[in-house]
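What follows is a set of notes on a single structure, which appears directly below.
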Amino acid sequence: MILEVKNIDKSFGKKQVLKGVSFVAEGGKAFGLLGRNGAGKTTAIRILMNVFPADNGEVLVDGEHIDYNKIKIGYLPEERGLYPKKIIFDQLVYFSVLKGMNKKDAVKAVDHWLDRLGMLEYRNKRLDTLSKGNQQKIQLITALSHDPDIVILDEPFSGLDPVNAMLLKDVVKEQIGKGKIVLFSSHQMNYIEEFCDSIAIINTGRVVLKGDLHDIKRNYVRDRLVVNTETPERIMADFGDSCSKNEDGSLLIKLDNVSDKQNVMKKLIEHYDIDEVKVFEPSLNDIFVEYTHKEI
Amino acid sequence: MKQFGRIFQFELKGYLKNKIFVGITIIMIVAIAVAMFIPNIISLIGSGSSDEQKDRPIMLIHSESPELSLLVEQYFEEAFADYDIKITDGTVDDVKEQIVSGKVECAFVLSSASSYTYYVNNLSMYDVNVGIANTVLQEVYRANAMIQSGLTPEQAGEIMSVQIDGVTTALGKDQMKNYLYTYIMIFALYMVILLYGQMVATNVATEKSSRAMELLVTSAKPTNMMFGKVLASCLAGFLQLVAIFGSALLLYNINKNAWSGNVLIGSIFNIPVVLFIYLLIFFVLGFLIYAFLYGAIGSTASKLEDINTAVMPITFLFIIAFFVVIFSMTSGNVDNVVMKICSYIPFTSPMAMFTRIAMSTVPWYEIVISISLLIGSVVGIGILAAKIYRVGVLLYGNRPRLGTIIKSVFKKS
């Protein structure tokens, strides 16, 4: 299954929130939708979920207009919240039947997920008696219980302890393994790097970078070297302004010309006491900052 | 439709499981039960003490003339059956002393057949002895005067006791009889709409402030949400009224004999069936139109604290409608111009038209026009409310102006 968001425009009043946003997400893969606060991610997700229509553009599944009666979407909103005063089991079943399940299947699915996330003991408790992390696990069930084709997770890892984060990772991998489209929106880049095959970065309503994460990294200009050495002072003195020190103690050397790469590496190994030298590969975090900090 | 049914069911269950909702209903029923059994309880206590006639309070009669004392005593014994009437020969000071000490409850000190002083220790708010005494003494005076001018005591008695035989037939509605139950129904309507309207608004705002809305808007259609919520609250309110009035009716019938002397209470439970049907129609329609408004307003508030100020305009509108109706009722003219206009305006017609039907004679076509206008407005406002809801629920931060929201609703559609 392929989900395609094509040239979406959306304005609220005079403010244009989305400007020709397009991206493609594939089944069996995770897609990362990135952007700074207020960039338009949530608006894009809401249009995708048909909460309100786009001014222009379309949402396609396998090349055809998305049919919301057929394609099921599961959503974990960034702003978490269910009914605090209601019994957990009751509201989970309610949200499942709202999404079109029959009562019997809903009960079965909710019990399955409570068990899967280790929450069965809270089944008949009120939501507000739970800790924040546990409430979040309950909320995750509302996104998954009706076995959706598209799973949208907005900041799924925030507020989870490492053990629960691990559990969620397993669940996400399981969903991807089932061939579903998993759409991530997060500021925690390490998780995006771990899961997502492709990404789109939205900045002030526009997609500024999109594609396969691996390709993006490979295509990044390879004009910097990372050097680990016992004698950084000598290198810094010799390379002057083009050399800077990283936080972890390693050195970063900016090349004047990409074609100098081999020569500089050779020179470093021959003249200095070098433990390691490699071409700098930016982390997603670096890429994100580079593409989004310009247009503030 | 399926989704609407599920929302309706969930919301209704929410009301019926709500401890406050159930608590209020039970308290109301218990209060009514106690009130309905009061005559039985009183007569039970009363019958226990009826053997002890000696305990009747003492009323003294004092006069310079023994004949006058005797004559007055004779009349007073009839008029004040609750008192033990005694003639005293002591001085006025003795009489006062006996009253203050509590031996005697009250005393009439007569200086002539037409003037007296009434002594009592603490004058109760409900003391009607003076009024009764005035009537009795007037009677005595007139009878005496007639006898003195030559009539026989029998003739005088006949003249004094003549009965006027008159019959009143109301060809339209008997306002005196209808007043009480119309008042009770209007008041019930008023209470239920205000109470449930607030509940709907709070309900929507709670979902919004707890962010459950984020999930709801992506799971259900706003029209289904709005109609499900409002109709569930309508049914809950209706069930509550049925429970309260039903048990009142049941308890009244159980205690019917004890209440037989009370025309007022009797009139409440003798509502004509047709009027009751009108009550149902106006209750449901009036409830819906306000509940939709309250729901729409609730969706524009981001925080629960904002609700009270947000719903104020609607509450004012409703209170004004209520007062117009109540003033017209008490003034006795429910067919005045204001009421006539109000009975066609959808926001006021549930109360105004119902009152006119109950207390006056309204041509059938006026009723049809009023109800049709109301039904049309309920549907229109329902749809508009669902649209406001759709826009309103996703707006956080400062409460937007209603005008801005309505504008954006129409822009979209």
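Brief remarks on what is shown
- First in the stretch B:149-176 and closer than 21 Å to B:Thr330 by Cα, second anywhere and among the basic types (Lys, Arg) and surrounded by 12 or more Cβ atoms within 10 Å (Cβ to Cβ), Cβ under 9 Å, 6 or more apart: B:Ala170/B:Lys177
- Whenever a residue of the stretch B:236-263 is within 17 Å of B:Val284 (Cβ to Cβ) and at pLDDT 85 or above, it has no partner that is buried (at least 18 other Cβ atoms within 10 Å of the Cβ) and basic (Lys, Arg) lying with C-beta atoms less than 8 angstrom away and at least six residues away or across chains.
- Tally of residues being modelled with pLDDT of 90 or more and part of a loop (DSSP other than H, G, I, E, B) across the stretch A:162-210: 3
- Scan of the stretch B:85-107 for residues that are closer than 14 Å to B:Thr117 by Cβ and not β-branched (Val, Ile, Thr), ordered by number: B:Asp93, B:Lys96, B:Cys106, B:Ala107
- Restricting A:Gly40, A:Gly74, A:Gly28, A:Gly81 to those that are within 12 Å of chain B (Cβ to nearest Cβ) and at positive phi reduces the list to A:Gly81.
- B:Thr88 being under 30 Å from B:Met225 (Cβ atoms) and either surrounded by fewer than 16 Cβ atoms within 10 Å (Cβ to Cβ) or not aliphatic (A, V, I, L, M) (or both): no
- Residue in the stretch B:188-196 that is buried (at least 21 other Cβ atoms within 10 Å of the Cβ), touching a helix residue (DSSP H, G or I) at 6+ places or on another chain (Cβ under 7 Å) and within 14 Å of another protein chain (Cβ to nearest Cβ) present: no
- Selection from the stretch B:217-227 of residues that are more than 8 Å from every other protein chain (Cβ to nearest Cβ) and surrounded by fewer than 23 Cβ atoms within 10 Å (Cβ to Cβ): B:Lys221, B:Pro222, B:Thr223, B:Asn224, B:Phe227
- Qualifying residue in the stretch B:160-171 (condition: in a helix (DSSP H, G or I), modelled with pLDDT of 85 or more and either within 14 Å of chain A (Cβ to nearest Cβ) or surrounded by fewer than 21 Cβ atoms within 10 Å (Cβ to Cβ) (or both)): no
- Test for A:Leu48: is it of a type in the set (A, V, I, L, M) and in contact with a strand residue (DSSP E or B) (Cβ under 8 Å, 6 or more places away or on another chain): yes
- Selected residue (criterion: nearest to B:Phe21 (Cα to Cα)) from residues of the stretch B:188-215 that are polar (S, T, N, Q) and either in a loop (DSSP other than H, G, I, E, B) or under 22 Å from the mean Cα position of the chain (by Cα) (or both): B:Gln198
- A:Ile45 meets all of the listed conditions (1) at pLDDT 90 or above; (2) at the interface with chain B (Cβ under 10 Å from one of its Cβ atoms); (3) under 15 Å from B:Ala220 (Cα atoms) but one, namely (3).
- From the options B:Thr330, B:Thr355, residue that is in a helix (DSSP H, G or I), among the polar types (S, T, N, Q) and crowded, with 24+ Cβ neighbours inside 10 Å: B:Thr355
- Strands (runs of 3 or more DSSP E) contained entirely in the stretch A:1-105, each with at least 1 residues that are within 18 Å of A:Ser185 (Cα to Cα), touching a residue at least 60 places away in the same chain (Cβ under 8 Å) and not β-branched (Val, Ile, Thr): A:2-12, A:15-26, A:30-35, A:73-76
- Selection within the stretch A:112-161: residues that are assigned to a loop (DSSP other than H, G, I, E, B) and of a type in the set (D, E, K, R). The member of this set that is surrounded by the fewest Cβ atoms within 10 Å (Cβ to Cβ) is A:Asp161.
- Restricting B:Phe21, B:Phe8 to residues that are surrounded by 12 or more Cβ atoms within 10 Å (Cβ to Cβ), under 28 Å from the mean Cα position of the chain (by Cα), within 14 Å of chain A (Cβ to nearest Cβ) and assigned to a helix (DSSP H, G or I) narrows the list to B:Phe21.
- Of the candidates B:Phe323, B:Phe287, B:Phe318, the single residue that is buried (at least 18 other Cβ atoms within 10 Å of the Cβ), within 18 Å of the chain's Cα centre (by Cα) and aromatic (Phe, Trp, Tyr) is B:Phe318.
- Restricting the stretch A:211-228 to residues that are assigned to a strand (DSSP E or B) and more than 15 Å from the chain's Cα centre (by Cα), the residue that is surrounded by the most Cβ atoms within 10 Å (Cβ to Cβ) is A:Val227.
- Scan of the stretch B:361-374 for residues that are part of a helix (DSSP H, G or I) and surrounded by 15 or more Cβ atoms within 10 Å (Cβ to Cβ), ordered by number: B:Glu366, B:Ile367, B:Ile369, B:Ser370, B:Ile371, B:Leu373, B:Leu374
- Looking only at the stretch A:262-296, residues that are basic (Lys, Arg) and at pLDDT below 85 come to 1 in all.
- Residue check, B:Met199 of a type outside the set (Asp, Glu), within 22 Å of A:Leu127 (Cβ to Cβ), at pLDDT below 85 and touching a helix residue (DSSP H, G or I) at 6+ places or on another chain (Cβ under 7 Å): no
- Subset tally (residues that are crowded, with 22+ Cβ neighbours inside 10 Å and not in a helix (DSSP H, G or I)) for the stretch B:293-315: 1
- Test: residue in the stretch A:182-191 that is more than 14 Å from chain B (Cβ to nearest Cβ), β-branched (Val, Ile, Thr) and more than 15 Å from A:Ile87 (Cα to Cα): yes
- Cβ pairs under 8 Å, 6+ apart, first in the stretch A:130-157 and within 11 Å of chain B (Cβ to nearest Cβ) and on the phi < 0 side of the Ramachandran plot, second of a type in the set (Gly, Ala, Ser) and in a loop (DSSP other than H, G, I, E, B): A:Gln139/A:Gly81; A:His146/A:Gly100; A:Asp154/A:Ser186
- A:Val97 being over 22 Å from B:Ala205 (Cα atoms), buried (at least 20 other Cβ atoms within 10 Å of the Cβ), away from chain B (no Cβ under 14 Å) and more than 24 Å from the chain's Cα centre (by Cα): no
- Filtered residues of the stretch A:9-25 (kept if within 13 Å of chain B (Cβ to nearest Cβ) and either surrounded by 21 or more Cβ atoms within 10 Å (Cβ to Cβ) or not aromatic (Phe, Trp, Tyr) (or both)): A:Lys10, A:Ser11, A:Gly13, A:Lys14, A:Lys15, A:Val17
- Residue in the stretch A:229-248 that is in a strand (DSSP E or B) and among the charged types (D, E, K, R) present: yes
- Restricting the stretch A:49-71 to residues that are among the aliphatic types (A, V, I, L, M) and more than 11 Å from chain B (Cβ to nearest Cβ), the residue that is farthest from A:Asp147 (Cα to Cα): A:Ala54
The values are calculated or read from the model by the stated rules, or taken from the named source; none is laboratory data. Because the structure is a prediction, the values reported are computed rather than measured. Using ideal geometry, Cβ is built from the backbone for each residue, glycine included, and neighbour counts are taken over all protein chains shown.
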